[in-house]
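Trainee: Take this structure, written in structure tokens, and hold onto it; I'll ask about it next.
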Amino acid sequence: MVRVEDVMAAMEQLAPAALAMPGDRIGLQIGRRDKPVRKVGLALDPSPPVIHHAIRAGVDLLITHHALFYHPLGQIDTGTSRGQALAAALAHDLAVFVAHTNLDIADGGVNDVLAELLGLQACEVLEPIHEEHLYKLVVYVPTSHHETVLAAVCAAGAGHIGRYSHCTFNVAGTGTFLPEEGARPYIGEAGRLERVEEVRLETIVPAGRLAAVTEAMLSAHPYEEVAYDVYPLRLPGRTYGLGRVGALSRPMSLSAFAEHVRQVLGLPHIRYAGDPDRSVRRVAVIGGSGSKWAATALRKGADVLVTADCDHHALADAWHDGLAMVDATHAALERPVLRSVAAALHRKLGGAVEVDVLAVPEDPVRWL
């Protein structure tokens, strides 16, 4: 049976908590970790309409992008719509889990989905936030289990260098050990020195996967006591951050690009700032409210920044500085990631859990 903690573990792989911005409110906000889960619902906001819809739909765990509790609560007034929704969630044992800036920053998260939808190529991070530490894992494996352990550690996240996976180094040698009284050796017997043909397997592991890789290694290794070493490395690791910058397959006018964004996001209208005939090729995107990264986008060589919630001064300043802006709605930029998260959870959890993006209108913006 799948429980809340199992879904949380799957979400940790998709959007590690360590990637979240300092002070962000993420993780389990209502509910218990051991609650059985048969249905997961996904939404942007744990709003009253979303919570009531989730309860009617039989959702056990609601995963949202924005927090239910961001600021400390001074009171819960059940005479308000928010208070009534919270009371209903508690009464129906609805668990609520939040993945916010960690989902913005993560591979395959909000900004990667946006970049893919817009057709951007050769993307890089707009605003670096984290550089992941790297470790070297060395383990000694009998030749009979060498391939098994190698496959296990790589499947758990070891061995990635750039665009290459399963990067390891392997040296054959002879291992010795003497099982003492009470030991239960896989090879040999107590009181006799054993010599075994082994392989020294070396690979690289990012800090965020070290625990999972070590667990996979120990599970696949046949020895009662596994000889292994972990060394911290002074090498630059993977850079994670907010937003993405990439290139269109071909240049287009700013007005044509704005129309492209409008159609991709399914909006009836869209705002943009800049010369309509200006040619754009290099594009920066940042989901949610990202106008304060306009100067960063300009430094990264972007012709245009796609974001949301731009006020007059942000648009005017960017325009005067030479950066075009396309201003979509907050919800339109972030909601596409929900389909990606749902697909990933389907793959990780299998058919034991139903995962749905809740069909509730979440964009507060209406157009005339």
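Trainee: Antiparallel as a % of all DSSP beta bridges within the chain, to the nearest 5?
Mentor: Bridges in the chain are about 70 percent antiparallel.
Trainee: Under 17 Å between alpha carbons, and skipping anything fewer than 8 positions from Lys39 in its own chain: which aspartates and glutamates qualify?
Mentor: Lys39 reaches Glu5, Asp6, Asp60, Asp93, Glu354, Asp356.
Trainee: May I have the extent of the alpha carbons of the stretch 279-344 along their three principal axes, as whole Å values ordered from largest to smallest?
Mentor: Largest to smallest, the principal-axis extents are 41, 24, 19 Å.
Trainee: Okay, moving on. HN-Hα J couplings of the stretch 241-258 from phi, Karplus 6.51/-1.76/1.60, θ = phi - 60°, integer Hz, Gly and Pro as x?
Mentor: Listing the rounded values in order: x, 8, x, 9, 10, x, 10, 6, 5, 8, x, 8, 5, 4, 5, 5, 5, 4 Hz.
Trainee: If you average the C-alpha positions of the stretch 296-368 and of the stretch 94-130 separately, how far apart do those two centres end up, in angstrom?
Mentor: One Cα centre to the other: 10 Å.
Trainee: Considering the values [x] 0.98; [y] 1.32; [z] 1.21, which represents Cα Rg over 2.2 N^0.38 Å as calculated for the structure under consideration?
Mentor: After the calculation, the listed value that fits is [z].
Trainee: Explain nothing, just compute: Karplus ³J(HN,Hα) = 6.51 cos²θ - 1.76 cosθ + 1.60, θ = phi - 60°, for every residue of the stretch 11-24 in order, whole Hz, x for Gly and Pro.
Mentor: Rounded to whole hertz, the list is 5, 5, 5, 6, 9, x, 4, 5, 7, 5, 5, x, x, 5.
Trainee: Here's a follow-up. To test your reading of the geometry: what angle, between 0 and 90 degrees and rounded to tens, separates the Cα axis of helix 210-220 from the longest principal axis of the chain?
Mentor: It is inclined by approximately 40 degrees.
Trainee: Right, something else. Springs between alpha-carbon pairs under 10 angstrom, Gaussian network model over the chain: which of Leu150, Leu68, Leu358 fluctuates most?
Mentor: Leu150
Trainee: Now a separate question. If amide H atoms are built 1.01 Å from N in the plane of the peptide, which residues on other chains or at least 5 residues away come under 5 Å of the amide H of Lys39?
Mentor: Here the answer is Asp60, Leu61, Glu354, since their amide H atoms fall under 5 Å of that of Lys39.
Trainee: Please arrange Thr174, Thr296, Thr148, Thr168 by counting, for each residue, the other beta carbons lying within 10 Å of its beta carbon, fewest first.
Mentor: In increasing order of surrounding Cβ atoms, one gets Thr174, Thr148, Thr168, Thr296.
Values quoted throughout were computed directly from the atomic coordinates according to the rules given, and no laboratory measurement underlies them. Note that this is a predicted model, so its numbers are computed, not measured. FYI the Cβ positions are ideal-geometry reconstructions off the backbone, even for glycines, and counts take in every protein chain you see.
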